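Only one structure is covered here, and it is reproduced in the block below.
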Amino acid sequence: MRGTRMGDRLLHLWTWLVILWLSSPIAVMILFGFNDKQSKSNTTWQGFTLRWYGELFEISDLTTALTNTLVIALVSTAVTVVIGTMLGLALGRHRFRGLGATNFLIFAAISTPELVMGASLLSLFVSGNVPRDSVTIIVAHVLFSLSFVVVTVRARVVGLDPSLEEAARDLGATAWGTFRQVTLPSIMPGVAAGAMLSFALSIDDYVVTSFVNGSTVTFPLWIVGAVKTGIPPQVNVMGTLIFGIGVLIAIGNAIAARRRT
Amino acid sequence: MRRLTPYLLALPGWMWLAIFLIVPMAAMASVSLQSGNAIDGFAMTFSVSNYSDALGRYSTQLVRSLLYGGMATVAMLAIGYPVAYWIAFKGGRRKSVYLFLLLLPFFVSFVLRTISWNFLLADNGILFGTLKGWGLLPADFHVLATTFAVVGGLTYNWLPFMILPIYVALERVDPRVVEAAQDLYATRTAAFRRVVLPLSLPGVFAGVLMTFVPATADPVNAAILGGTANTMIGNIIQTEYLTNLDYPTASALSFTLMGVLLVGIFVYARALGTENVLEAAAR
(Lines give C-alpha, C1' and ligand atoms only; values in the text may rest on other atoms or scores of the structure.)
Protein backbone atom coordinates (compact mmCIF):
# COMPACT_ATOMS: atom_id res chain seq x y z
CA MET A 1 0.00 0.00 0.00
CA ARG A 2 2.84 2.32 0.91
CA GLY A 3 4.51 1.73 -2.45
CA THR A 4 1.27 2.60 -4.19
CA ARG A 5 1.00 5.94 -2.48
CA MET A 6 4.61 6.70 -3.29
CA GLY A 7 3.98 5.88 -6.95
CA ASP A 8 0.96 8.16 -7.06
CA ARG A 9 2.95 10.99 -5.52
CA LEU A 10 5.67 10.58 -8.13
CA LEU A 11 3.07 10.61 -10.92
CA HIS A 12 1.46 13.73 -9.43
CA LEU A 13 4.85 15.46 -9.29
CA TRP A 14 5.61 14.35 -12.84
CA THR A 15 2.33 15.82 -14.10
CA TRP A 16 3.15 19.18 -12.54
CA LEU A 17 6.68 19.12 -13.94
CA VAL A 18 5.29 18.54 -17.42
CA ILE A 19 2.77 21.37 -16.98
CA LEU A 20 5.61 23.63 -15.79
CA TRP A 21 7.74 22.64 -18.77
CA LEU A 22 4.89 23.28 -21.21
CA SER A 23 4.23 26.73 -19.72
CA SER A 24 7.83 27.89 -19.42
CA PRO A 25 8.11 29.48 -22.90
CA ILE A 26 4.88 31.35 -22.20
CA ALA A 27 6.41 32.76 -19.05
CA VAL A 28 9.47 33.83 -21.05
CA MET A 29 7.25 35.47 -23.67
CA ILE A 30 5.29 37.46 -21.08
CA LEU A 31 8.46 38.43 -19.19
CA PHE A 32 10.32 39.74 -22.25
CA GLY A 33 7.38 41.93 -23.19
CA PHE A 34 8.40 43.96 -20.12
CA ASN A 35 12.13 43.91 -20.90
CA ASP A 36 13.78 47.31 -21.10
CA LYS A 37 16.14 46.22 -23.86
CA GLN A 38 19.00 48.49 -24.88
CA SER A 39 20.51 46.70 -27.88
CA LYS A 40 18.84 45.27 -30.94
CA SER A 41 18.33 41.84 -29.51
CA ASN A 42 15.75 41.10 -26.85
CA THR A 43 17.31 37.99 -25.34
CA THR A 44 18.80 39.09 -22.03
CA TRP A 45 16.94 40.72 -19.17
CA GLN A 46 17.84 44.36 -18.72
CA GLY A 47 15.17 45.80 -16.47
CA PHE A 48 11.43 46.33 -16.23
CA THR A 49 9.48 48.70 -18.46
CA LEU A 50 5.94 49.20 -19.72
CA ARG A 51 7.25 51.09 -22.73
CA TRP A 52 6.39 48.39 -25.30
CA TYR A 53 2.77 48.33 -24.23
CA GLY A 54 2.64 52.04 -25.06
CA GLU A 55 4.54 51.57 -28.33
CA LEU A 56 2.60 48.45 -29.33
CA PHE A 57 1.74 49.65 -32.83
CA GLU A 58 4.98 51.53 -33.57
CA ILE A 59 6.25 48.91 -36.03
CA SER A 60 3.95 49.40 -38.99
CA ASP A 61 4.84 46.15 -40.82
CA LEU A 62 4.11 44.18 -37.68
CA THR A 63 0.78 45.93 -37.17
CA THR A 64 -0.15 45.25 -40.79
CA ALA A 65 0.83 41.59 -40.35
CA LEU A 66 -1.35 41.32 -37.23
CA THR A 67 -4.29 42.98 -38.98
CA ASN A 68 -3.88 40.67 -41.99
CA THR A 69 -3.85 37.67 -39.67
CA LEU A 70 -7.03 38.71 -37.89
CA VAL A 71 -8.93 39.58 -41.09
CA ILE A 72 -7.85 36.31 -42.74
CA ALA A 73 -8.84 34.34 -39.63
CA LEU A 74 -12.28 35.99 -39.45
CA VAL A 75 -13.08 35.51 -43.14
CA SER A 76 -11.77 31.96 -43.35
CA THR A 77 -13.57 31.00 -40.13
CA ALA A 78 -16.86 32.40 -41.47
CA VAL A 79 -16.51 30.45 -44.74
CA THR A 80 -15.34 27.28 -42.99
CA VAL A 81 -18.18 27.32 -40.47
CA VAL A 82 -20.87 27.63 -43.15
CA ILE A 83 -19.44 24.96 -45.47
CA GLY A 84 -18.32 22.72 -42.62
CA THR A 85 -21.65 22.85 -40.78
CA MET A 86 -23.51 21.95 -43.99
CA LEU A 87 -21.21 19.01 -44.64
CA GLY A 88 -21.34 17.97 -40.97
CA LEU A 89 -25.15 17.98 -41.11
CA ALA A 90 -25.16 15.91 -44.30
CA LEU A 91 -22.76 13.35 -42.82
CA GLY A 92 -24.37 13.16 -39.41
CA ARG A 93 -28.00 13.09 -40.46
CA HIS A 94 -28.32 11.57 -43.91
CA ARG A 95 -27.44 8.37 -45.70
CA PHE A 96 -26.34 9.12 -49.23
CA ARG A 97 -24.07 8.02 -52.02
CA GLY A 98 -20.51 9.11 -51.43
CA LEU A 99 -20.73 9.01 -47.64
CA GLY A 100 -17.73 6.70 -47.33
CA ALA A 101 -15.73 8.64 -49.90
CA THR A 102 -16.48 11.89 -48.06
CA ASN A 103 -15.36 10.41 -44.74
CA PHE A 104 -12.17 9.29 -46.41
CA LEU A 105 -11.58 12.77 -47.84
CA ILE A 106 -12.08 14.33 -44.40
CA PHE A 107 -9.56 11.90 -42.95
CA ALA A 108 -7.13 12.58 -45.79
CA ALA A 109 -7.42 16.33 -45.22
CA ILE A 110 -6.66 15.92 -41.50
CA SER A 111 -3.74 13.55 -41.97
CA THR A 112 -1.95 15.25 -44.86
CA PRO A 113 1.14 16.97 -43.44
CA GLU A 114 0.71 20.75 -43.55
CA LEU A 115 3.90 21.00 -45.54
CA VAL A 116 2.55 18.74 -48.30
CA MET A 117 -0.79 20.56 -48.29
CA GLY A 118 0.96 23.91 -48.72
CA ALA A 119 3.29 22.54 -51.37
CA SER A 120 0.45 21.02 -53.39
CA LEU A 121 -1.59 24.24 -53.26
CA LEU A 122 1.46 26.14 -54.49
CA SER A 123 1.83 23.62 -57.33
CA LEU A 124 -1.81 24.24 -58.29
CA PHE A 125 -1.46 28.02 -58.14
CA VAL A 126 1.79 27.98 -60.09
CA SER A 127 0.37 25.66 -62.78
CA GLY A 128 -2.75 27.82 -63.06
CA ASN A 129 -0.89 31.15 -62.90
CA VAL A 130 -3.00 32.20 -59.92
CA PRO A 131 -1.61 35.32 -58.22
CA ARG A 132 -0.96 34.67 -54.54
CA ASP A 133 -2.33 37.04 -51.92
CA SER A 134 -4.74 37.02 -48.98
CA VAL A 135 -7.39 35.25 -51.10
CA THR A 136 -5.15 32.21 -51.64
CA ILE A 137 -4.28 32.28 -47.94
CA ILE A 138 -7.99 32.21 -47.05
CA VAL A 139 -8.58 29.35 -49.50
CA ALA A 140 -5.80 27.35 -47.82
CA HIS A 141 -6.99 28.12 -44.29
CA VAL A 142 -10.53 27.05 -45.12
CA LEU A 143 -9.10 23.82 -46.53
CA PHE A 144 -7.17 22.78 -43.43
CA SER A 145 -9.84 23.92 -40.94
CA LEU A 146 -12.80 22.42 -42.81
CA SER A 147 -12.36 18.83 -41.64
CA PHE A 148 -12.08 19.86 -38.01
CA VAL A 149 -15.36 21.80 -38.19
CA VAL A 150 -17.04 18.89 -40.00
CA VAL A 151 -15.88 16.43 -37.33
CA THR A 152 -17.06 18.56 -34.37
CA VAL A 153 -20.41 19.41 -35.97
CA ARG A 154 -21.01 15.81 -37.05
CA ALA A 155 -20.38 14.58 -33.50
CA ARG A 156 -23.05 16.98 -32.24
CA VAL A 157 -25.53 16.10 -35.02
CA VAL A 158 -25.19 12.37 -34.34
CA GLY A 159 -26.08 12.95 -30.69
CA LEU A 160 -29.22 14.88 -31.62
CA ASP A 161 -32.72 13.44 -31.09
CA PRO A 162 -34.48 13.47 -34.51
CA SER A 163 -37.91 13.52 -32.86
CA LEU A 164 -37.38 17.18 -31.91
CA GLU A 165 -37.28 18.15 -35.57
CA GLU A 166 -40.27 15.92 -36.36
CA ALA A 167 -42.23 17.61 -33.56
CA ALA A 168 -41.40 21.04 -34.99
CA ARG A 169 -42.60 19.97 -38.44
CA ASP A 170 -45.78 18.43 -36.95
CA LEU A 171 -46.46 21.81 -35.36
CA GLY A 172 -46.36 23.36 -38.83
CA ALA A 173 -42.82 24.74 -38.97
CA THR A 174 -41.31 25.08 -42.43
CA ALA A 175 -38.06 23.25 -43.26
CA TRP A 176 -36.10 26.48 -42.86
CA GLY A 177 -37.98 27.41 -39.66
CA THR A 178 -37.22 23.99 -38.18
CA PHE A 179 -33.56 24.39 -39.03
CA ARG A 180 -33.29 27.90 -37.63
CA GLN A 181 -35.31 27.38 -34.45
CA VAL A 182 -34.61 23.76 -33.55
CA THR A 183 -31.65 22.21 -35.36
CA LEU A 184 -29.23 25.12 -35.34
CA PRO A 185 -29.61 25.97 -31.63
CA SER A 186 -29.11 22.31 -30.69
CA ILE A 187 -25.92 21.92 -32.73
CA MET A 188 -24.66 25.40 -31.77
CA PRO A 189 -22.07 24.16 -29.22
CA GLY A 190 -20.49 22.01 -31.92
CA VAL A 191 -20.56 24.86 -34.43
CA ALA A 192 -19.04 27.25 -31.88
CA ALA A 193 -16.30 24.77 -30.95
CA GLY A 194 -15.53 24.27 -34.64
CA ALA A 195 -15.43 28.03 -35.21
CA MET A 196 -13.01 28.58 -32.34
CA LEU A 197 -10.80 25.74 -33.53
CA SER A 198 -10.80 27.08 -37.06
CA PHE A 199 -9.98 30.62 -35.86
CA ALA A 200 -7.15 29.32 -33.68
CA LEU A 201 -5.70 27.18 -36.51
CA SER A 202 -5.84 30.16 -38.85
CA ILE A 203 -4.12 32.77 -36.66
CA ASP A 204 -1.44 30.24 -35.74
CA ASP A 205 -0.56 28.87 -39.14
CA TYR A 206 2.92 29.35 -40.50
CA VAL A 207 3.67 26.33 -42.69
CA VAL A 208 0.78 26.35 -45.18
CA THR A 209 0.68 30.15 -45.27
CA SER A 210 4.39 30.36 -46.15
CA PHE A 211 3.63 28.57 -49.44
CA VAL A 212 0.58 30.53 -50.60
CA ASN A 213 1.11 34.05 -49.25
CA GLY A 214 2.74 35.79 -52.21
CA SER A 215 3.77 39.14 -50.75
CA THR A 216 1.09 39.21 -48.05
CA VAL A 217 2.63 38.85 -44.59
CA THR A 218 0.85 37.41 -41.55
CA PHE A 219 1.83 37.56 -37.88
CA PRO A 220 3.59 34.14 -37.73
CA LEU A 221 5.39 34.83 -41.04
CA TRP A 222 6.58 38.20 -39.78
CA ILE A 223 7.95 36.63 -36.59
CA VAL A 224 9.91 33.95 -38.45
CA GLY A 225 11.22 36.59 -40.83
CA ALA A 226 12.39 38.69 -37.89
CA VAL A 227 14.25 35.89 -36.10
CA LYS A 228 17.60 36.71 -37.68
CA THR A 229 17.44 40.45 -36.99
CA GLY A 230 16.01 40.04 -33.50
CA ILE A 231 12.45 39.80 -32.24
CA PRO A 232 11.19 43.19 -31.02
CA PRO A 233 9.45 43.24 -27.61
CA GLN A 234 6.21 44.31 -29.31
CA VAL A 235 5.90 40.76 -30.63
CA ASN A 236 5.99 39.46 -27.06
CA VAL A 237 3.42 42.05 -25.97
CA MET A 238 1.07 41.10 -28.82
CA GLY A 239 1.60 37.42 -27.99
CA THR A 240 0.83 38.13 -24.33
CA LEU A 241 -2.36 40.04 -25.17
CA ILE A 242 -3.58 37.33 -27.58
CA PHE A 243 -2.78 34.72 -24.93
CA GLY A 244 -4.67 36.70 -22.27
CA ILE A 245 -7.75 37.14 -24.44
CA GLY A 246 -7.73 33.45 -25.42
CA VAL A 247 -7.48 32.32 -21.80
CA LEU A 248 -10.25 34.71 -20.72
CA ILE A 249 -12.57 33.42 -23.47
CA ALA A 250 -11.82 29.81 -22.52
CA ILE A 251 -12.47 30.46 -18.81
CA GLY A 252 -15.65 32.39 -19.62
CA ASN A 253 -16.78 29.51 -21.79
CA ALA A 254 -16.11 26.97 -19.05
CA ILE A 255 -18.06 29.02 -16.49
CA ALA A 256 -20.97 29.45 -18.91
CA ALA A 257 -20.97 25.70 -19.61
CA ARG A 258 -21.02 24.94 -15.88
CA ARG A 259 -23.97 27.31 -15.33
CA ARG A 260 -25.96 25.63 -18.08
CA THR A 261 -25.74 22.17 -16.52
CA MET B 1 -36.50 17.63 -52.90
CA ARG B 2 -35.95 15.82 -49.58
CA ARG B 3 -33.78 13.27 -51.38
CA LEU B 4 -31.59 16.02 -52.76
CA THR B 5 -31.01 17.68 -49.35
CA PRO B 6 -27.84 15.77 -48.35
CA TYR B 7 -26.25 16.37 -51.73
CA LEU B 8 -26.99 20.09 -51.62
CA LEU B 9 -25.63 20.29 -48.08
CA ALA B 10 -22.47 18.41 -49.00
CA LEU B 11 -21.84 20.13 -52.33
CA PRO B 12 -19.84 23.20 -51.20
CA GLY B 13 -17.64 21.06 -48.93
CA TRP B 14 -17.10 18.49 -51.66
CA MET B 15 -16.16 21.17 -54.14
CA TRP B 16 -13.69 22.77 -51.74
CA LEU B 17 -12.01 19.46 -50.98
CA ALA B 18 -12.00 18.41 -54.63
CA ILE B 19 -10.65 21.68 -56.01
CA PHE B 20 -8.15 22.44 -53.27
CA LEU B 21 -7.11 19.00 -52.03
CA ILE B 22 -7.42 16.52 -54.89
CA VAL B 23 -6.63 18.77 -57.85
CA PRO B 24 -3.51 20.23 -56.17
CA MET B 25 -2.24 16.72 -55.41
CA ALA B 26 -2.69 15.90 -59.09
CA ALA B 27 -0.97 19.16 -60.02
CA MET B 28 1.92 18.29 -57.73
CA ALA B 29 2.13 14.76 -59.14
CA SER B 30 2.33 16.23 -62.61
CA VAL B 31 4.97 18.82 -61.63
CA SER B 32 7.04 16.10 -60.00
CA LEU B 33 7.32 14.36 -63.39
CA GLN B 34 8.24 17.48 -65.32
CA SER B 35 11.56 19.07 -65.99
CA GLY B 36 12.51 22.69 -66.37
CA ASN B 37 12.48 25.74 -64.15
CA ALA B 38 10.29 28.68 -63.23
CA ILE B 39 12.01 31.06 -65.65
CA ASP B 40 12.19 28.97 -68.84
CA GLY B 41 9.00 27.06 -68.16
CA PHE B 42 8.29 23.43 -67.48
CA ALA B 43 7.97 20.54 -69.89
CA MET B 44 6.26 17.24 -69.26
CA THR B 45 8.90 14.56 -69.55
CA PHE B 46 7.33 11.78 -67.47
CA SER B 47 10.76 11.10 -66.12
CA VAL B 48 11.11 9.70 -62.66
CA SER B 49 14.64 11.09 -62.50
CA ASN B 50 13.33 13.93 -60.29
CA TYR B 51 12.66 11.32 -57.65
CA SER B 52 16.00 9.57 -57.89
CA ASP B 53 17.88 12.89 -58.06
CA ALA B 54 16.02 14.31 -55.09
CA LEU B 55 16.56 11.16 -53.06
CA GLY B 56 20.21 11.03 -54.01
CA ARG B 57 20.72 14.58 -52.83
CA TYR B 58 18.54 14.63 -49.76
CA SER B 59 18.29 11.10 -48.38
CA THR B 60 20.35 12.22 -45.35
CA GLN B 61 17.75 14.84 -44.42
CA LEU B 62 14.88 12.45 -45.09
CA VAL B 63 16.35 9.77 -42.85
CA ARG B 64 17.20 12.39 -40.23
CA SER B 65 13.61 13.70 -40.26
CA LEU B 66 12.17 10.23 -39.75
CA LEU B 67 14.68 9.60 -36.99
CA TYR B 68 13.96 12.92 -35.22
CA GLY B 69 10.20 12.48 -35.67
CA GLY B 70 10.47 8.94 -34.30
CA MET B 71 12.65 9.97 -31.36
CA ALA B 72 10.28 12.82 -30.48
CA THR B 73 7.28 10.47 -30.69
CA VAL B 74 8.90 7.96 -28.35
CA ALA B 75 9.83 10.78 -25.96
CA MET B 76 6.26 12.12 -26.05
CA LEU B 77 4.91 8.66 -25.29
CA ALA B 78 7.31 8.22 -22.36
CA ILE B 79 6.61 11.69 -20.96
CA GLY B 80 2.90 11.86 -21.80
CA TYR B 81 1.57 8.42 -20.85
CA PRO B 82 2.17 8.82 -17.09
CA VAL B 83 0.57 12.26 -17.19
CA ALA B 84 -2.52 10.95 -19.01
CA TYR B 85 -2.66 8.01 -16.58
CA TRP B 86 -2.46 10.17 -13.48
CA ILE B 87 -5.08 12.66 -14.66
CA ALA B 88 -7.50 9.94 -15.83
CA PHE B 89 -7.30 7.82 -12.67
CA LYS B 90 -6.28 10.26 -9.93
CA GLY B 91 -7.30 13.65 -11.29
CA GLY B 92 -10.58 13.54 -9.41
CA ARG B 93 -12.65 16.71 -9.57
CA ARG B 94 -9.77 18.75 -10.93
CA LYS B 95 -9.40 16.78 -14.15
CA SER B 96 -10.58 19.65 -16.32
CA VAL B 97 -8.18 22.05 -14.62
CA TYR B 98 -5.22 19.80 -15.43
CA LEU B 99 -6.37 19.42 -19.03
CA PHE B 100 -6.76 23.20 -19.31
CA LEU B 101 -3.22 23.72 -18.01
CA LEU B 102 -1.89 21.20 -20.53
CA LEU B 103 -3.61 23.09 -23.34
CA LEU B 104 -2.35 26.48 -22.16
CA PRO B 105 0.59 26.57 -24.61
CA PHE B 106 -1.85 26.44 -27.51
CA PHE B 107 -3.11 29.90 -26.66
CA VAL B 108 0.29 31.16 -27.78
CA SER B 109 1.34 31.14 -31.40
CA PHE B 110 3.30 28.01 -32.33
CA VAL B 111 6.07 30.10 -33.88
CA LEU B 112 6.30 32.37 -30.86
CA ARG B 113 6.53 29.39 -28.50
CA THR B 114 9.39 27.93 -30.51
CA ILE B 115 11.18 31.27 -30.44
CA SER B 116 10.69 31.53 -26.67
CA TRP B 117 12.35 28.12 -26.46
CA ASN B 118 15.21 29.56 -28.41
CA PHE B 119 15.46 32.33 -25.77
CA LEU B 120 15.37 29.80 -22.96
CA LEU B 121 18.02 27.58 -24.49
CA ALA B 122 20.27 30.35 -25.82
CA ASP B 123 23.95 29.93 -24.90
CA ASN B 124 23.92 33.01 -22.71
CA GLY B 125 20.15 33.25 -22.27
CA ILE B 126 18.27 33.56 -19.01
CA LEU B 127 18.63 29.87 -18.16
CA PHE B 128 22.12 28.81 -19.21
CA GLY B 129 23.60 32.31 -18.98
CA THR B 130 22.54 32.51 -15.33
CA LEU B 131 23.78 29.01 -14.55
CA LYS B 132 27.10 29.81 -16.23
CA GLY B 133 27.30 33.04 -14.25
CA TRP B 134 26.97 30.98 -11.04
CA GLY B 135 29.69 28.66 -12.30
CA LEU B 136 27.30 25.71 -12.37
CA LEU B 137 27.87 25.08 -16.07
CA PRO B 138 31.07 25.20 -18.11
CA ALA B 139 31.33 28.32 -20.28
CA ASP B 140 31.25 26.38 -23.55
CA PHE B 141 28.08 24.46 -22.66
CA HIS B 142 25.43 24.74 -25.34
CA VAL B 143 22.18 23.07 -26.31
CA LEU B 144 21.00 25.12 -29.27
CA ALA B 145 21.84 23.76 -32.72
CA THR B 146 22.06 20.20 -31.41
CA THR B 147 19.93 17.14 -32.08
CA PHE B 148 18.75 17.40 -28.48
CA ALA B 149 17.35 20.91 -29.04
CA VAL B 150 15.45 19.92 -32.19
CA VAL B 151 14.02 16.67 -30.79
CA GLY B 152 13.23 18.49 -27.54
CA GLY B 153 11.41 21.23 -29.45
CA LEU B 154 9.40 18.70 -31.45
CA THR B 155 8.54 16.81 -28.25
CA TYR B 156 7.52 20.04 -26.56
CA ASN B 157 5.29 21.25 -29.38
CA TRP B 158 3.20 18.13 -29.91
CA LEU B 159 3.13 16.63 -26.42
CA PRO B 160 -0.47 17.70 -25.64
CA PHE B 161 -1.61 15.96 -28.84
CA MET B 162 -0.11 12.75 -27.44
CA ILE B 163 -1.55 13.18 -23.94
CA LEU B 164 -5.15 13.99 -24.92
CA PRO B 165 -6.05 10.85 -26.93
CA ILE B 166 -4.36 8.59 -24.36
CA TYR B 167 -6.27 10.41 -21.62
CA VAL B 168 -9.56 9.90 -23.49
CA ALA B 169 -8.84 6.16 -23.87
CA LEU B 170 -7.82 5.75 -20.21
CA GLU B 171 -10.82 7.76 -19.02
CA ARG B 172 -13.07 5.17 -20.69
CA VAL B 173 -11.47 2.31 -18.76
CA ASP B 174 -13.94 1.16 -16.11
CA PRO B 175 -12.15 1.15 -12.71
CA ARG B 176 -14.18 -1.95 -11.80
CA VAL B 177 -12.30 -3.89 -14.49
CA VAL B 178 -9.04 -3.05 -12.72
CA GLU B 179 -10.58 -4.00 -9.35
CA ALA B 180 -11.74 -7.29 -10.84
CA ALA B 181 -8.20 -8.02 -12.00
CA GLN B 182 -6.90 -7.27 -8.51
CA ASP B 183 -9.60 -9.45 -6.93
CA LEU B 184 -8.28 -12.22 -9.14
CA TYR B 185 -4.88 -11.72 -7.48
CA ALA B 186 -3.23 -9.70 -10.21
CA THR B 187 -0.51 -7.46 -8.81
CA ARG B 188 -0.72 -3.74 -9.53
CA THR B 189 1.86 -4.11 -12.27
CA ALA B 190 0.15 -7.12 -13.79
CA ALA B 191 -3.23 -5.36 -13.73
CA PHE B 192 -1.69 -2.43 -15.55
CA ARG B 193 0.17 -4.53 -18.07
CA ARG B 194 -2.62 -6.97 -18.88
CA VAL B 195 -5.73 -4.82 -18.45
CA VAL B 196 -5.16 -1.06 -18.51
CA LEU B 197 -2.39 -0.91 -21.10
CA PRO B 198 -4.22 -2.97 -23.79
CA LEU B 199 -7.38 -0.92 -23.25
CA SER B 200 -5.44 2.31 -23.76
CA LEU B 201 -3.79 1.19 -27.01
CA PRO B 202 -6.34 2.88 -29.32
CA GLY B 203 -5.45 6.16 -27.59
CA VAL B 204 -1.74 5.48 -28.01
CA PHE B 205 -2.38 4.69 -31.66
CA ALA B 206 -4.26 7.96 -32.24
CA GLY B 207 -1.65 9.90 -30.26
CA VAL B 208 1.27 8.55 -32.29
CA LEU B 209 -0.59 9.26 -35.51
CA MET B 210 -1.40 12.82 -34.47
CA THR B 211 2.18 13.57 -33.47
CA PHE B 212 4.56 11.55 -35.64
CA VAL B 213 3.36 12.89 -39.00
CA PRO B 214 3.41 16.61 -38.14
CA ALA B 215 6.63 16.32 -36.12
CA THR B 216 8.45 14.60 -38.98
CA ALA B 217 7.26 17.10 -41.57
CA ASP B 218 7.72 20.24 -39.45
CA PRO B 219 10.12 22.82 -40.89
CA VAL B 220 9.89 25.36 -38.03
CA ASN B 221 11.65 23.63 -35.14
CA ALA B 222 14.74 22.68 -37.08
CA ALA B 223 14.95 26.15 -38.62
CA ILE B 224 14.75 27.94 -35.28
CA LEU B 225 16.41 25.47 -32.92
CA GLY B 226 18.56 23.30 -35.15
CA GLY B 227 21.31 25.25 -36.83
CA THR B 228 22.78 24.13 -40.14
CA ALA B 229 23.78 20.60 -39.12
CA ASN B 230 20.25 19.48 -38.22
CA THR B 231 18.27 20.43 -41.32
CA MET B 232 15.13 18.37 -41.77
CA ILE B 233 13.31 17.45 -44.96
CA GLY B 234 10.68 20.14 -44.27
CA ASN B 235 13.34 22.84 -44.51
CA ILE B 236 14.62 21.39 -47.80
CA ILE B 237 11.13 21.25 -49.33
CA GLN B 238 10.46 24.82 -48.24
CA THR B 239 13.76 26.09 -49.65
CA GLU B 240 13.40 24.21 -52.93
CA TYR B 241 9.90 25.60 -53.42
CA LEU B 242 10.26 29.11 -52.13
CA THR B 243 13.90 30.08 -52.61
CA ASN B 244 15.30 27.87 -55.39
CA LEU B 245 11.96 27.70 -57.25
CA ASP B 246 12.88 24.13 -58.18
CA TYR B 247 9.29 22.92 -58.29
CA PRO B 248 9.94 19.46 -59.83
CA THR B 249 12.48 18.49 -57.15
CA ALA B 250 10.33 19.96 -54.37
CA SER B 251 7.23 18.10 -55.60
CA ALA B 252 9.12 14.83 -55.87
CA LEU B 253 10.41 15.32 -52.32
CA SER B 254 6.91 16.12 -50.99
CA PHE B 255 5.51 12.94 -52.53
CA THR B 256 8.41 10.88 -51.26
CA LEU B 257 7.87 12.23 -47.74
CA MET B 258 4.15 11.52 -47.88
CA GLY B 259 4.75 8.05 -49.30
CA VAL B 260 7.23 7.19 -46.57
CA LEU B 261 4.85 8.48 -43.89
CA LEU B 262 1.95 6.46 -45.32
CA VAL B 263 4.05 3.30 -45.40
CA GLY B 264 5.12 4.06 -41.82
CA ILE B 265 1.51 4.45 -40.68
CA PHE B 266 0.54 1.23 -42.44
CA VAL B 267 3.38 -0.80 -40.91
CA TYR B 268 2.62 0.70 -37.49
CA ALA B 269 -1.07 -0.18 -37.84
CA ARG B 270 -0.23 -3.74 -38.82
CA ALA B 271 2.27 -4.11 -36.01
CA LEU B 272 -0.26 -2.91 -33.46
CA GLY B 273 -2.97 -5.10 -34.96
CA THR B 274 -5.41 -2.25 -35.25
CA GLU B 275 -8.31 -3.50 -37.32
CA ASN B 276 -9.43 -0.25 -38.80
CA VAL B 277 -6.82 2.47 -39.19
CA LEU B 278 -9.26 5.07 -40.40
CA GLU B 279 -11.67 4.54 -37.57
CA ALA B 280 -9.03 4.72 -34.86
CA ALA B 281 -7.56 7.85 -36.33
CA ALA B 282 -10.89 9.57 -36.92
CA ARG B 283 -11.70 9.47 -33.22
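The values are calculated or read from the model by the stated rules, or taken from the named source; none is laboratory data. These numbers were taken from a predicted model, which means no experiment stands behind them. Every residue, glycine as well, gets a Cβ built from its backbone with ideal geometry; the counts of neighbours run over all protein chains shown. Calculation scope for accessible area: heavy atoms of the full protein, side chains included, ligands and nucleic acids excluded. Shrake-Rupley method; radii C 1.70, N 1.55, O 1.52, S 1.80 Å.
Assorted remarks:
- Once the chain from B:ARG176 to B:PHE89 is taken as fully extended at 0.36 nm per residue, the excess over their C-alpha distance is 30.1 nm.
- Estimated purely from DSSP H runs of n ≥ 4, each contributing -39500 (n - 2.57), the mean residue ellipticity at 222 nm for chain A is -25000 deg cm²/dmol once divided by its residues.
- Average partner coverage of B:80-91, which counts Cβ from other chains inside 10 Å: 3
- Principal axis dimensions, largest first and in whole angstrom, of the stretch A:112-172 by Cα: 54, 25, 17
- Peptides ranked, highest mean first, by Cβ atoms within 10 Å: ranges A:152-164, A:36-48: A:152-164, A:36-48
- Accessible surface, the stretch B:43-164, averaged per residue in Å² (probe 1.4 Å): 44 Å²
- Between B:ALA250, B:ALA149, B:ALA78, the residue with the greatest mean-square fluctuation in the GNM of chain B (Cα pairs under 10 Å linked by springs) is B:ALA78.
- Cross-link reach is defined here as a Cα-Cα straight distance under 26 Å, omitting same-chain residues fewer than 8 places apart; for A:LYS37 the lysines meeting it are A:LYS228, B:LYS132.
- All Cα-Cα distances of the stretch A:133-261, cut into 10 Å bins from zero to the largest, leave 11, 27, 29, 19, 10, 3, 1 percent in each bin in turn.
- Length gained when the stretch A:GLU166-A:SER23 is fully extended (0.36 nm per residue, less Cα-Cα span): 46.6 nm
- Per residue, the convex hull spanned by the Cα atoms of the stretch B:90-153 amounts to 128 cubic angstrom.
- Local charge for A:GLY47 was computed over the other residues whose Cβ lies under 12 Å away, with Lys and Arg +1 and Asp and Glu -1, and equals +1.
- Cβ-Cβ distance of B:ARG193 and A:LEU10, R₀ of 25 Å, FRET efficiency by 1/(1 + (r/R0)^6): the value works out to about 0.85.
- For the stretch B:228-237, 3J(HN,Hα) computed residue by residue from phi via the Karplus equation (6.51, -1.76, 1.60; θ = phi - 60°) reads 7, 7, 10, 4, 10, 4, x, 5, 5, 4 Hz, glycine and proline entered as x.
- Compared with the rule-of-thumb size 2.2 N^0.38 Å for a compact globular protein, chain B has a Cα radius of gyration ratio of 1.23.
- Against the main long axis of the alpha-carbon atoms of chain A, helix A:2-32 sits at an angle near 70°.
- Taking other residues whose beta carbon is less than 13 angstrom from the beta carbon of A:LEU143, and scoring Lys, Arg as +1 and Asp, Glu as -1, yields -2.
- Over chain B: helical MRE at 222 nm, DSSP H runs n ≥ 4 each giving -39500 (n - 2.57), nearest 500: -22500 deg cm²/dmol
- For the stretch A:26-149, the equivalent ellipsoid built from the Cα gyration tensor has semi-axes of 41, 18, 15 Å, listed from largest to smallest.
- Rolling a 1.4 Å probe across all protein chains gives A:ARG180 an accessible area of roughly 130 Å².
- Computed with a 1.4 Å probe on the full set of protein chains, the accessible area for A:ILE249 sits at about 90 Å².
- Pairwise burial B:A, computed as accessible area of each alone minus the pair, summed, 1.4 Å, Å²: 6900 Å²
- Neighbourhood net charge (14 Å Cβ-Cβ; Lys/Arg +1, Asp/Glu -1) for B:THR146: -1
- Segment A:ALA108-A:SER60, length gained on full extension (0.36 nm per residue, minus Cα span): 13.4 nm
- Three-way shape call for chain A based on the alpha-carbon gyration tensor, with the a/c threshold at 1.5: oblate
- Computed over Cα pairs, the Kirkwood radius of the protein assembly as shown leads via Stokes-Einstein (1.002 mPa s, 20 °C) to a diffusion coefficient of 85 µm² per second.
- Taking the stretch B:172-195 and a reference point 7 angstrom along Cα→Cβ of A:VAL158, the backbone N atoms nearer than 17 Å belong to B:172.
- Solvent-accessible heavy-atom area per residue, rounded to whole Å², over the stretch A:60-231 at 1.4 Å: 42 Å²
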